Amino acid sequence: AMISLRQLLDHAAEHGYGVPAFNVNNLEQIQAIMQAAQKTSSPVILQASAGARQYAGEPFLRKMVEAAAEMYPGIPIVMHQDHGASPAVCLQSIRSGFTSVMMDGSLKEDAKTPASYDYNVDVTRRVVEMAHAVGVSVEGELGCLGSLESGTAGEEDGVGAAGQLSHEQLLTDPDQAADFVARTGVDALAIAIGTSHGAYKFSRPPTGDILAIDRIKAIHARIPDTHLVMHGSSSVPQAWLAVIREHGGEIQETYGVPVDEIREGIRHGVRKVNIDTDIRLAMTGAMRRAMARDRSEFDPRKFLKEALAAARELCAERFEAFGCAGQA
Ligand code: G3H
Ligand code: 13P
Ligand code: NA
Ligand code: ZN
């Protein structure tokens, strides 16, 4: 059944777990997530980025999520719009059946330039007003995702701020977060703690100076009733990087957010954990390996089946690690 983000995260807070929010673009990714959810009895958040809506087309995404709900009637599903760049984008998603939207007002409508605090409050409050009128949840974002190592958004997929960011912009301020939640009424708040989108998050295994888990604790202490969201939360498994490299892929040395650090976040109010890159890496690794192994095979289903299995395994691991397993 389709439920709102608020319903799911209230349950998660009550029972002390976190929910992975997986980005979806196609059939195989949705099937992988649903199979993992079924196997582990987990509720799911399927989220579509602007890139996903461009890739698949909004009607295909909506119908595939509807199909998932039909095939798995026992699994609660949130259909979430990731990183909405404007109230107009969010309204379109609300109209087309999403049960949750993110208004990312930390950036201007170009989804690149950091926006002022007043702009963020204004657009987010407007989306909350519209969305709540029809039972749809809203995630806001305060602070800009980006690297504390380099001071940049440091990523390749076009989501995130362009250019140099100050230390202040890269870490969400707890007092400002309290003001933001009070003035906007958001159901969940994405915070900036040094993570960034994509595979290239950290040039070394992260320590507290570049991955600020302590900041989560300070924010949670200030607004204990607010559901916190971690973006850029792929762990970038070294094993998948190795598989990709062994089969002709070129990926530089890089590190993600360790699962144990995410678990620490979940102990301090993190309820939604955004993961896209890890599924991409697993699927690409599995496809490269399968194609190299059987060079005469030309039925793409053979490769996609292995990609699906790799994604399913990764999703099941995250459901288990975040305490989400058994909660459906
Ligand atoms: O929000 C960031 C996600 O990784 C989506 O990326 O725009 O390439 O689909 P995308
Ligand atoms: P990753 O690139 O770390 O998977 O983050 C995805 C994300 O935050 C989507 O909003
Ligand atoms: Na989101
Ligand atoms: Zn994100």
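Out of the residues in the range 221-248 that are in a loop (DSSP other than H, G, I, E, B) and among the aliphatic types (A, V, I, L, M), state the one that is farthest from residue 266 (Cα to Cα). Spell out the reasoning first.
So the first thing to find is which residues in the range 221-248 are in a loop (DSSP other than H, G, I, E, B), and the list is 223-226, 231-237, 247-248.
From what is left, the residues that are among the aliphatic types (A, V, I, L, M) are 223, 236.
Values: 223: 14, 236: 19 Å.
Taking the candidates together, the pick is 236.
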query: Somewhere in the range 74-97, is a residue modelled with pLDDT under 95 and at negative phi?
result: yes
task: Count, please, the residues in the range 70-91 that happen to be away from ligand 3 (no atom under 13 Å from the Cβ) and touching a residue at least 12 places away in the same chain (Cβ under 8 Å).
output: 10
Among residues of the range 93-112, those that are surrounded by fewer than 23 Cβ atoms within 10 Å (Cβ to Cβ) and either more than 16 Å from ligand 3 (Cβ to nearest atom) or part of a strand (DSSP E or B) (or both), counted: 7
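Considering only residues that are out of contact with any helix residue (DSSP H, G or I) (no Cβ under 6 Å at 6 or more places or on another chain) and not small (Gly, Ala, Ser), look in the range 14-25 and name the one that is nearest to ligand 1 (Cβ to nearest atom). Full working, then the answer.
The initial filter retains those residues of the range 14-25 that are out of contact with any helix residue (DSSP H, G or I) (no Cβ under 6 Å at 6 or more places or on another chain), namely 14-17, 21, 23.
After this cut, where a residue has to be not small (Gly, Ala, Ser) as well, the list is 14-15, 17, 23.
Working: 14: 28, 15: 27, 17: 23, 23: 5 Å.
The selected residue is 23.
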field: Leading residue by the ranking (nearest to the chain's Cα centre (by Cα)) among those in the range 190-210 that are more than 16 Å from ligand 3 (Cβ to nearest atom) and of a type in the set (Ser, Thr, Tyr)
entry: 200
query: What is the number of the single condition among (1) more than 20 Å from the chain's Cα centre (by Cα); (2) farther than 19 Å from residue 270 by Cβ; (3) of a type outside the set (Gly, Ala, Ser); (4) buried (at least 21 other Cβ atoms within 10 Å of the Cβ) that residue 180 does not meet?
result: (2)
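The values are calculated or read from the model by the stated rules, or taken from the named source; none is laboratory data. Bear in mind that the values here come from a model prediction, so they are computed numbers and not experimental data. Cβ coordinates were reconstructed from backbone atoms using ideal geometry, including for glycine residues, and neighbour counts include every protein chain displayed.
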